[in-house]
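The values are calculated or read from the model by the stated rules, or taken from the named source; none is laboratory data. Computed from a prediction, not measured in an experiment: that's the story for all the values here. Using ideal geometry, Cβ is built from the backbone for each residue, glycine included, and neighbour counts are taken over all protein chains shown. Ligands, DNA and RNA are excluded from the accessible area calculation, which covers all protein heavy atoms including side chains. Shrake-Rupley method; radii C 1.70, N 1.55, O 1.52, S 1.80 Å.
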Amino acid sequence: MRFGTLLSLVLPVAAFAYPTNGSADSYQLANRSAGEVELHKRFSNSRWTFYNVGLGACGKVNVPSDFVVALNSAQYGQGFPGPNCFKKITMTYQGKKTTATIVDKCPGCPVGGLDLSVGLFTFFAPESQGVIFGEWNFAA
């Protein structure tokens, strides 16, 4: 038997193999509008460094004790202020967890990477550590 003939016999059967009840729930799920569902990617093993905050790319002046971050250029986006300005993120490092606000752009950070205010960095680790790798996601 040829592969094409076998395939033509199997495909129609496979199409009916998945049970559906034709309920409205599955129809509504498939037809949700874009604003009803938000996906939040978690960035694991993200490179975190620290910097001296001041006037950030989002247009706000911050002080070292503020829990703020500079987001990598790829995720920061275009325009003023950037589309992620002032969004909250949840950060976790070695069992410590906190929330911070995006207020600046980090041109030297890799995708997923963050530059933290000194106060935020020292919440997680001493400055002498220089670079740490943590996990973060946009807060819900």
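In this structure K41 has an accessible area near 130 Å², from a 1.4 Å probe over the protein heavy atoms.
When the accessible area of segment 82-123 is split by element with a 1.4 Å probe, what percent falls to carbon and sulfur? After summing per-atom areas, the C and S share lands at 54 percent. Annotation for V111 and F86: the two label points, set 7 Å from Cα along the Cα-Cβ direction, are 2.9 nm apart. Straight-line cross-link reach from K60 at under 17 Å between alpha-carbon atoms covers these lysines, not counting any fewer than eight positions away in the same chain: K87, K88, K105.
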